[in-house]
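Here the structure is laid out as structure tokens; the discussion comes afterwards.
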Amino acid sequence: MVAGKAARRNKELWGKPRERGTAERKATSISKIVELAFWGTIMWGIVRLLAHFLNLTPYGLGAFARPLLSGYEENSLMGNSLGAIVLFVETILASFLFSLLFGQMRVWWIGLLYGGILLAIAGFFFRIGNWEVGTLSTEGAWYLSYGLFIGMTLVLEQSDEEQWGGKDKER
């Protein structure tokens, strides 16, 4: 029955604010958000370039910089570079907004919902009604995995800070 007592104690603690330490949760630090944006830009920028190269989507990395490109083509080096910078800034904003809106939730799938919201916003600007099925599925997979990356990374970071108290310990 010892296992039963431990299971009941875990059920009591599940879903409650951290009873082992402080009661409030700290917001995600700016350095963690910038680090997340850097790696997210690298990984999802490469995935977007690869999807565009394989003709799975008409929107390459330069599509993020469309409003800023006046005399340059989207697929040029300048367009892709400016698109990567815009994607970095958008990832910082998306990560910060996620930490504000969903920072208190500890469910992994909330990132999928967030990716769906980002897809709807991008679809509004890129006229989602005119997309073919292949473009819709590629963009949907890209945005859902992008939102899941942001969501799971921030939830895991928040969980690690709660567990280890923000200290860098060797595991």
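The values are calculated or read from the model by the stated rules, or taken from the named source; none is laboratory data. As the structure is a computational prediction, the values presented were derived from the model and not from experiment. Cβ: placed from backbone, ideal geometry, glycine included. Neighbour counts: every protein chain shown. Calculation scope for accessible area: heavy atoms of the full protein, side chains included, ligands and nucleic acids excluded. Shrake-Rupley method; radii C 1.70, N 1.55, O 1.52, S 1.80 Å.
See the values below:
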item: Hits in region 73-99 - residues which are farther than 22 Å from R127 by Cα and open to solvent by 50 Å² or more (accessible area, probe 1.4 Å); result: L77, M78, S81, I85, F88, V89, L93, F96, L97
item: Failed item, numbered, when F102 is tested on (1) at pLDDT below 90; (2) under 15 Å from A141 (Cα atoms); (3) buried (at least 18 other Cβ atoms within 10 Å of the Cβ); (4) out of contact with any Lys or Arg (no Cβ under 9 Å at 6 or more places or on another chain); result: (2)
item: Some residue of region 112-127 being farther than 14 Å from G151 by Cα, open to solvent by 20 Å² or more (accessible area, probe 1.4 Å) and under 14 Å from the mean Cα position of the chain (by Cα); result: yes
item: In region 128-140, the residues that are open to solvent by 20 Å² or more (accessible area, probe 1.4 Å), free of Cβ contacts under 8 Å to residues at least 40 places away in the same chain and touching a helix residue (DSSP H, G or I) at 6+ places or on another chain (Cβ under 9 Å); result: I128, G129, W131, L136
